[in-house]
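Before any comments, here is the structure.
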Amino acid sequence: MIQTSLKSASLKPTRVVVLISGSGSNLQALIDSCHAGELPIELVAVISNRADVLGLTRAQDANIPTAVLDHKNFADRETFDRALMQKIDSYQPDLVVLAGFMRILLATFTQHYEGRMFNIHPSLLPKFQGLHTHQRALDAGEKHHGVTVHFVTAELDGGPAIVQASVPIVAGDDAKSLAKRVQQQEHIIYPLAVKWFAEGKLKMIEGKTQLKGELLPAAGVQIHSDTL
Ligand code: GRF
């Protein structure tokens, strides 16, 4: 288990469970921020719906407990979601972080974690909900693309935004080059959102995001990067 050293021993670190399905580069960004002493959190578990993914290796290398719940072993979505909920809750998290977790979750699940579950989506929401966002942004002739961290609600990729980072789309870009540019921003803004939450500065109130006592605009905090 990773635990950031805290200035005050009386402060309890925020317990975070991370859900993944793949390479886990966002998980790695959280691990690295923890190691750097930047996050007052404890990564208490990483759960994957796929075995043999790089994200699990990253977690094991960081001594974080891991679990695999393969959705294919469950009769239906309800049964899978229920088992996943039980598994997550066994770690008593304060926050659940979806980091490339490629499963649609039912409303009973999202309601259970309302206000304490984040997702990261590779687009400037509300644009391009769903899959293949980089190609779709290119096909639409967008000048900018980006990534959004948001609270999870029952609406897929539709919960209130927390922070959004945009990057330019440049001549010659393809989905791969654009994804790379967007991912650099993902690895900055996900730890940032987790930090705000852990510091008690971030809340979801009546379907809106509140940061440091102020309601945020619909798209959340805006970060613009000109880095190519
Ligand atoms: C990221 O691009 C994220 O925006 C999307 O899934 C991808 C996960 O990447 N939700 P990784 O597993 O964190 O490397």
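The values are calculated or read from the model by the stated rules, or taken from the named source; none is laboratory data. Being a predicted model, the structure only gives us computed values, none of them experimental. Here the Cβ positions follow ideal geometry from the backbone for every residue, glycine too, while neighbour counts run over all protein chains shown.
One table, with the values for the structure above:
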| read-out | value |
| --- | --- |
| Flag if PHE74 is modelled with pLDDT of 95 or more, touching a Phe, Trp or Tyr at 6+ places or on another chain (Cβ under 6 Å) and either crowded, with 17+ Cβ neighbours inside 10 Å or of a type outside the set (A, V, I, L, M, F, W, C) (or both) | no |
| Residue in the stretch 163-180 that is part of a strand (DSSP E or B), farther than 23 Å from PHE101 by Cβ and without any contact (Cβ under 8 Å) to a residue 60 or more places away in the chain present | yes |
| Which numbered condition LEU6 fails, given (1) hydrophobic (A, V, I, L, M, F, W, C); (2) at pLDDT 95 or above; (3) under 17 Å from TRP196 (Cα atoms); (4) out of contact with any Cys (no Cβ under 7 Å at 6 or more places or on another chain) | (2) |
| Of all residues making up the stretch 85-114, the number that are modelled with pLDDT under 95 and either in the same structural domain as LEU192 (by TED's automatic domain parsing) or small (Gly, Ala, Ser) (or both) | 0 |
| Residues being within 16 Å of the ligand (Cβ to nearest atom), surrounded by fewer than 17 Cβ atoms within 10 Å (Cβ to Cβ) and of a type in the set (Asp, Glu) - total across the stretch 156-201 | 1 |
| Criterion violated by HIS145 - all others in (1) more than 13 Å from GLU186 (Cβ to Cβ); (2) surrounded by 14 or more Cβ atoms within 10 Å (Cβ to Cβ); (3) at pLDDT 95 or above satisfied | (1) |
| Search result, residues across the stretch 96-136 that are within 13 Å of the ligand (Cβ to nearest atom), within 30 Å of GLY172 (Cβ to Cβ), surrounded by 16 or more Cβ atoms within 10 Å (Cβ to Cβ) and not polar (S, T, N, Q) | ALA99, GLY100, ILE120, HIS121, PRO122, LEU124, LEU125, PHE128, HIS134 |
| Any chance ASP226 is more than 13 Å from HIS150 (Cα to Cα), outside the structural domain of GLU38 (by TED's automatic domain parsing) and crowded, with 17+ Cβ neighbours inside 10 Å | no |
| Checking VAL147 against (1) assigned to a helix (DSSP H, G or I); (2) in contact with a helix residue (DSSP H, G or I) (Cβ under 6 Å, 6 or more places away or on another chain), the condition it does not meet | (1) |
| Filtered residue count, the stretch 108-144, keeping only those that are in a loop (DSSP other than H, G, I, E, B), of a type in the set (Asp, Glu) and free of Cβ contacts under 8 Å to residues at least 24 places away in the same chain | 0 |
| Qualifying residue in the stretch 53-67 (condition: among the aliphatic types (A, V, I, L, M), more than 12 Å from the ligand (Cβ to nearest atom) and assigned to a loop (DSSP other than H, G, I, E, B)) | yes |
| Residue ID - surrounded by the most Cβ atoms within 10 Å (Cβ to Cβ), chosen from residues in the stretch 15-46 that are part of a loop (DSSP other than H, G, I, E, B) and more than 11 Å from the ligand (Cβ to nearest atom) | LEU39 |
